[in-house]
Every structure is written in C-alpha cells, then in structure tokens.
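> Quick one: structure below, then a few questions.
The values are calculated or read from the model by the stated rules, or taken from the named source; none is laboratory data. Just so we're clear, the structure is a prediction, and the values are computed from it rather than from any experiment. Here Cβ is always computed from backbone atoms with ideal geometry, including for glycine, and neighbour counts include all displayed protein chains. Surface areas here come from the heavy atoms of the whole protein model, side chains and all, with no ligands, DNA or RNA. Shrake-Rupley method; radii C 1.70, N 1.55, O 1.52, S 1.80 Å.
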Amino acid sequence: MLAASVRSGLVETTHEGAVAACHPDGTLVARYGDIDRPFFIRSSAKPFQALASQRSGADMNAVELAVASASHRGHPVQVATVSSMLERAGLDSSHLQCPPDWPLSADAALRLARGGATERRSLWHNCSGKHAGFLRACVASGWPTETYLDPDHPLQESVYSLIAEMGEFDPGPVGVDGCGAPVFRTTARVMARLYARLGGDDDARQVHTAMHAYPALVSERGAGDAAIATSTNAASKGGAQGCLGVAIRDGVGVAAKSWDGLGQVAVVAAIEAMVQLGLLSTYPASTMFDAARPPGLGGRLPVGSLEPRLELQLA
C-alpha cells in the first residue's frame, strides 16, 4: 500500500497506487505497484505544455514560465502575471478558453467577494497561466488563437510530439482535461521518465529552473509540490486525481499515482520514495513534515495522520 490513514491508532484506511523513479536516460531506478497501468497525467503535464509553448516562441520569462506550469490558486500575483502574459502578446482575458471559475484559494476567492465580485472569470481558473502560454505561442508562430485547444491545432500537435519524445511513449488516445485542453495518457514509469528529463535535458532546464525558483507561483505555500520544490533542488507538479511528478536537477525523476485519486496520498508516497532513494537528508525531510505526514482532523483536532507504507523495489 502507498499510505494508511490512522485514526486514534485503531482504524486504518489503506490507499493503493504506483511509484516509479527513472534516470534521465530513461532507465528505471525503483518501482512500487503497477507502474505500467495507464492513467491521464492531468495537470502534471503542465511543465511540458509550457516547454512546448516556449519552443513555439512564447518567449516567457522565469516568472511567466512558473505560472504557465502552474495550477495557480488565484492569488493576486498569479492573476496579474497571467494578465501581463496576455497583454504582452496583444491579447486579453477574453481570448482565454478555459472555463470561468473562482480561485482555488478560499482566501483569494474571499478577497474577490469582498471586493464586489459576483461572477466567475476565466482569468481566475487555475489553468489560465497554461492557456496564456498557449496563446503567446500561437501569436508568435502565426497560428490561429480561436482553435488553440483543438487536438489537431499545430500547438497541440507540438505538445503531443514533445511528450511522446521525452516519455518514449505514445500518449494517445488524447482526452479532454477539465480546462478544455487535450489531456494525455501516461503511466508511472513514463511520468518518472518525463520528470527526469525535465531536470536533465538542456532546453527543459529553463522550465525546471523557473518552477524551482518560484514554487509558490506553481501552486501556493503549503501545497505538497511547492513544499518539495522549496526543500530540495527539484521542480514538482501535482495533477488532479492523485498524480505527482518530481524532477531532481540533473538526477532522477519520481512519479507517484494514487489509484483512489487523492493528491495527499501521492505527495506522501513521493516524499517517502525520495527518502528511501537517499534524495532527502534528515533536515529537508523534517521541513516537509506536514506534507509527508499530513494530519487527519476530527473537528479542529488531529486524530491521526496519513502515514507511508511504501517499500520500493530497486530495479
């Protein structure tokens, strides 16, 4: 099992999943569970989608690359960055095709409500940075912006090709993600390979550097992927339905997938895998305690915690 939720030491709820670690050359380092079972990579694909946009001329600086790789929480700095990304391309939020939404952060949503906001906006959607990167690439390459989410659009074909090349795996058939963008098939083994190359390939390092430098822009302080990137020389990105990728700079890639779709389980498993692989010393591991052993609350009081039960098999 990946992890167990313990309440008062009496009740244990287990969570199954898969974990893989790979070298940048694609070879497997370690594994747990069925690492070849397919699933959709969801928002853990965003660093690679941002890289495809950058390769297509989006010309994003480090802050913009971090937000393009983000599932942002709608904090003012994140929203302002998305607006700036669009304005620099001669566009505005009306060009975004992600659905209108409130920020993921309750604090950010409350701030907007107190300011008089009454309707959702596409700009506040957690994927708006990715979409702004897409649009920047379309403008730079002379591609149509009206159809930028179509799977056969030149930009989306370039994303598909990049993920296939870096993962050495056909990511089709393509689905549709919650934001309307194409979503790609992967496995824990392939995802670990992708993240290893995010930290090792020359042109991918610009995305890695941005995500590591600005982890709070990629999600927010306290989020599992931000905690990993803050405490280690890594970039990390969570995705919906319990997947998480970690890219150690010039080192291995780690991928964790919880089959019941719980993001916390994937974070706990990824951190424990890093500990077992010797990628975390005692101090950085201790700084991530809340992410590595998140408490289970009964009312406002902790009544248990999510504990790893992972035992990696070395390849």
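> For region 182-237, which residues satisfy the criterion of being hydroxyl-bearing (Ser, Thr, Tyr), over 15 Å from Leu162 (Cα atoms) and open to solvent by less than 10 Å² (accessible area, probe 1.4 Å)?
Scanning region 182-237 gives Thr187, Ser219, Ser236.
> Continuing with this model, one more query. Do you know which residues across region 230-256 are at pLDDT below 95 and not in a loop (DSSP other than H, G, I, E, B)?
Correct list: Thr230, Ser231.
> Looking at Ala58, Ala20, Ala68, Ala52, which one is closer than 24 Å to Leu279 by Cβ and open to solvent by less than 10 Å² (accessible area, probe 1.4 Å)?
Ala20
> Within region 257-276, can one find any residue that is within 24 Å of Ile41 (Cα to Cα), part of a strand (DSSP E or B) and modelled with pLDDT of 85 or more?
yes
> Taking the stated definitions as given, is Phe134 under 20 Å from the mean Cα position of the chain (by Cα) and farther than 16 Å from Ile41 by Cα?
Yes: the conditions hold for Phe134.
> Let me ask something else about it. When you scan region 96-131, how many residues do you find that are surrounded by 20 or more Cβ atoms within 10 Å (Cβ to Cβ), in contact with a Phe, Trp or Tyr (Cβ under 7 Å, 6 or more places away or on another chain) and of a type in the set (Lys, Arg)?
The qualifying residues number 0.
> Helices (runs of 4 or more DSSP H) wholly in region 1-88 with at least 3 residues that are in contact (Cβ under 8 Å) with a residue 60 or more places away in the chain and closer than 24 Å to Val254 by Cα - which ones?
Hits in region 1-88: 46-55, 62-68.
> Name the residue, out of Leu310, Leu279, that is more than 21 Å from the chain's Cα centre (by Cα), of a type outside the set (Asp, Glu) and surrounded by 20 or more Cβ atoms within 10 Å (Cβ to Cβ).
Residue meeting the stated conditions: Leu310.
> Oh, and also: Right, Ala21: over 29 Å from Leu110 (Cα atoms), of a type in the set (A, V, I, L, M, F, W, C) and modelled with pLDDT of 95 or more or not?
So Ala21 passes the test.
> Considering every residue within region 258-278, establish whether at least one is among the aromatic types (Phe, Trp, Tyr) and either under 19 Å from His72 (Cβ atoms) or without any contact (Cβ under 8 Å) to a residue 40 or more places away in the chain (or both).
no
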